[in-house]
Amino acid sequence: MKETPLSNCERDFLLRAIEEKKRLDGRQTYDYRKLKITFGTDYGCCFVDLGQTRVMAQVSCELVAPKENRPTEGILFFNIELSPMASPSFEQGRQSELSVKLNRQLERCLRNSKCIDTESLCVVSGEKVWQVRVDVHTLNNDGNLMDAASVAAITALCHFRRPDVAIQGEEVTVFSPEERDPIPLSVYHMPISVSFAFFQQGTFLLVDPCEREERVMDGLLMIAMNKHREICSIQSSGGIMLLKDQVMRCSKIASVKVSEITELISQALLNDKAARKAGGKCGFAESMPQDRITALKMDQTDVEMTNVSQTGSGVILQGDEAPPPTVPSPVVPVPGVGQVGQGLQSWGLEEEEEDDDDEEEEKGYFEEEEVVILYPETTEKSK
Amino acid sequence: MAGIELLSDQGYRLDGRKATELRKVQARLGVFAQADGSAYLEQGNTKVLAVVYGPHEMRGSRSRTLHDRAVINCQYSMATFSTAERKRRPHGDRKSTEMSLHLKQTFEAAVMTQLFPRSQIDIYVKILQSDGGNYSVCVNAATLAVIDAGIPMRDYVCACTVGFVDETPLADLCYAEESGGVSSLALALLPRGGQIALVQMDARLHQDHLEALIEAATTACKGVSKVLDEVVRQHLQEASVLTGE
């Protein structure tokens, strides 16, 4: 389905608001939306909510033959599915530009930065290695799928447990989870991507654009870093021209954001570990809000409320004089037709009128430009 | 990675260059008479052919026509014989599509598309021999082809891939250096204003080194722009001699 085009007035509204450093949901320029991480019942399944953007990542593994030029390393495979569930403009099965872009960015962010020790995934050199596959499904698109997907992918990889194997000579035994506890993957570091949207040819910058902001942006800069301040990937997209200082500034902001997000992920992993140990139920069903009256309750967003009355009165003082509390009285050219308002002169109905009496009366009204209070005089005149 | 030393103690790289030296650039404009613009560029051992058609009427999906500017359509493909092992899928796989998107993005920023509303400009790039810095050489070749086609651009678009080894930025990486796990940054620049049309970096690099790397890339791109400028002027001189001016 083709995307509904954005109307010009909405576009202008968004751009003007951004010029005045205001965002639709009341965030500051460098603020992220609320990030919520929940886990599914299986190891390696995690859901990430970034505001209204929701993605799910699932990690699975199987034994395959390794690549010829790398016989001692396991294989990592990433896939982001853009399903029509997330947005009606996504088409099932078609490899759209956005899907290619997201897939390649995620691959570069996680694979090239060597965040997982692939050598430890080798079982029999040259014959059998583990292929770890990360599938990210987008469930709801409200902007910034890249960041949500990167958080989901790395959290799922940290959460995942692969089956234990034992090698005795030529024989390889894979133990099921009941026989032996599965082993977690060895994760060296956690690369997280931070997206910056640029507006008005690079003059304005926003972190974590929502879907509306993404529609009006000029371009996007994605920086993936880990908490050790190592940059894992930088990618600029869209037809914007950047300056070196902008890139440096973005990388500084990104390092701050990444450390916050990494903290959140570690906390979520710890909570999940504790919950599983305590034997509690954890899964998709538990992470959904309960079916009660409070289910649609939204978290209160903080709005800047200081000096509201002062700024309010300031705005009123600056504005033009208030519209008059009175309204021009309705004019009746023909019985059954009434005209009220400021555009009466240009309607041209008076010239077409054959009724002399009414016409003269109205002409008199317009020349005087008399403004009359609606009650109680109109009850007299509209008879 | 054990074994290969990318930067020796005396400051020489694998192919004998110094850290800031670019590879030898040889280029020709107007290699095809049929196309609107074409160029062949060799940077070291990487050989790229770029062909430009346009601006012409929108072909294919009319719905993608833009009312106020031209649409730029790029296609990047590698010849099957371009790499050490025969490439089974020259185009249509994810890496080629991504590269095409990046080229499109780079040229959308540089070409003055507002002058050609409702039309399409096609840029086709083919790698004949791949020896590192694929994206950068493609951008340089495509710039020459666009100039040959006479399409107005804001400035030359020059690109270079730089890497970071032993606290030193290396300009213009070759394949051996790229695959050695070196953090590489590809930068497409408009030299006069210093504006970056595209920046792309893979592999880990500490934040403190980023500034130095971008600086090195900018300097390398400015060097490339001088070479491209020289090539264009020489071509114009040859053409004017032939037309008898």
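The values are calculated or read from the model by the stated rules, or taken from the named source; none is laboratory data. Since we're looking at a predicted model, the values are computed, not measured. Glycine gets a Cβ as well: all are built from the backbone with ideal geometry, and neighbour counts include every protein chain shown. Just so you know, the surface numbers come from the protein's heavy atoms only, side chains and all, with ligands and any DNA or RNA stripped out. Shrake-Rupley method; radii C 1.70, N 1.55, O 1.52, S 1.80 Å.
With 0.36 nm allotted per residue and the present C-alpha distance subtracted, the A:Glu171-A:Glu97 stretch has 22.1 nm of extension available. For the range A:157-162, putting each phi into the Karplus relation 6.51 cos²θ - 1.76 cosθ + 1.60 with θ = phi - 60° gives couplings of 5, 5, 7, 6, 10, 9 Hz, in residue order, rounded to whole numbers and with x for Gly and Pro. A cut-off of 5 Å between modelled amide H atoms, ignoring neighbours fewer than 5 places along the same chain, links A:Leu139 with A:Arg54, A:Val55, A:Met56. The accessible area of B:Ser240, taken with all protein chains in place and a 1.4 Å probe, comes to roughly 30 Å². Along the range B:136-149 the Karplus relation, 6.51 cos²θ - 1.76 cosθ + 1.60 evaluated at θ = phi - 60°, assigns HN-Hα couplings of 5, 5, 4, 5, 4, 5, 5, 4, 4, 5, 5, 5, 5, 6 Hz to successive residues, with x for each Gly and Pro.
How would the protein assembly as shown be classified by its alpha-carbon gyration tensor: rounded, prolate or oblate, with rounded meaning a/c under 1.5 and the a/b versus b/c comparison settling the rest?
Values: a/c = 2.44, a/b = 1.38, b/c = 1.76.
Here the protein assembly as shown falls in the oblate category.
Buried accessible surface for the A/B pair, both sides summed and rounded to the nearest 100, is 3200 Å² with a 1.4 Å probe. If you sort the three axes of the alpha carbon gyration tensor as a ≥ b ≥ c, you get a/c of 1.5 or more for chain B and a/b above b/c, which makes it prolate. Per-residue accessible area (protein heavy atoms, 1.4 Å probe) orders B:His91, A:His189 as B:His91, A:His189, starting from the largest.
Is any residue of the range B:6-34 close enough, with backbone N under 20 Å, to a label point placed 7 angstrom from the Cα of B:Ser240 along the Cα-Cβ axis, and if so, which? Backbone N within reach: B:28-30. For B:Tyr12, the solvent-accessible surface computed with a 1.4 Å probe is close to 100 Å², ligands and nucleic acids excluded. Near the amide H of B:Phe116, within less than 5 Å, lie the amide hydrogens of B:Ala70, all on another chain or at least 5 residues away, with H placed in the peptide plane. Computed over protein heavy atoms with a 1.4 Å probe, the accessible surface of the range A:138-190 works out to 44 Å² per residue.
Solvent exposure of B:Glu98, expressed as accessible area, is near 10 Å², computed with a probe of 1.4 Å over the protein chains only.
Send over a whole-number figure in Å² for the accessible area per residue of chain B, probe 1.4 Å. It would help to have the intermediate numbers written out before the result.
Numbers: 11390 Å² over 245 residues.
That works out to 46 Å² for each residue.
With both labels modelled 7 Å from their Cα along Cα-to-Cβ, the B:Asp155 to B:Thr80 distance reads 4.2 nm. Interface residues of the range A:93-108, defined as those losing at least 50 Å² of solvent-accessible heavy-atom surface relative to the isolated chain (probe radius 1.4 Å), are listed as A:Glu97, A:Val100, A:Arg104, A:Arg108.
Could you work out how much longer the chain between B:Leu66 and B:Gln34 gets when fully extended? Use 0.36 nm per residue separation minus the Cα distance between them, nm to one decimal. Write down the numbers at each step before the final one.
Working: separation 32, 0.36 × 32 = 11.52 nm, distance 2.68 nm.
Taking B:Leu66 through B:Gln34 to full extension adds about 8.8 nm, to one decimal.
Computed over protein heavy atoms with a 1.4 Å probe, the carbon and sulfur contribution to the accessible area of the protein assembly as shown reaches 51%.
Relative to the present Cα-Cα distance, how much length would full extension add between A:Thr311 and A:Ala275 at 0.36 nm per residue of separation? List each step's numbers first, then the result.
Numbers: separation 36, 0.36 × 36 = 12.96 nm, distance 4.81 nm.
Length gained, A:Thr311 through A:Ala275: 8.2 nm.
If R0 is 41 Å, what FRET efficiency do you get for A:Gln28 and A:Arg161 from their C-beta distance, rounded to 0.05?
On the way: r = 39 Å, r/R0 = 0.95.
Efficiency for this residue pair is about 0.55.
Pairs over the 25 Å Cα-Cα cut-off, from the set A:Lys128/A:Lys277; A:Lys227/A:Lys273; A:Lys114/B:Lys24; A:Lys244/B:Lys24: A:Lys128/A:Lys277; A:Lys114/B:Lys24; A:Lys244/B:Lys24. Backbone phi angles across the range B:150-159, fed through the Karplus curve with coefficients 6.51, -1.76 and 1.60 (θ = phi - 60°), yield HN-Hα couplings of x, 8, x, 10, 5, 5, 4, 9, 10, 10 Hz in residue order; Gly and Pro are listed as x.
Before rounding to the nearest 500, sum -39500 (n - 2.57) across all DSSP H runs of length at least 4 in the protein assembly as shown and divide by the residue total; then give [θ] at 222 nm in deg cm²/dmol.
Value at 222 nm, helices only, nearest 500: -10000 deg cm²/dmol.
Calculated FRET efficiency, B:Glu57 to A:Arg133, Cβ-Cβ distance, R0 = 60 Å: about 0.85 to the nearest 0.05. Between helix B:207-242 and chain B there is an angle of about 40 degrees, using the helix long axis and the longest principal axis of the Cα atoms. Taking the chain by itself as reference, the range B:104-137 contains these residues with an accessible-area loss of 10 Å² or more in the full protein complex (1.4 Å probe, heavy atoms): B:Lys104, B:Gln105, B:Glu108, B:Ala109.
A crude spin-label estimate for the pair A:Ser83 and B:Glu215, with each label 7 Å from Cα along the Cβ direction, gives 5.0 nm.
Could you tell me which of rounded, prolate or oblate describes the range A:76-182, using a ≥ b ≥ c as the square roots of the eigenvalues of the alpha-carbon gyration tensor, with rounded for a/c under 1.5 and, failing that, prolate when a/b is larger than b/c and oblate otherwise? Prolate, because a/c is 1.5 or more and a/b exceeds b/c.
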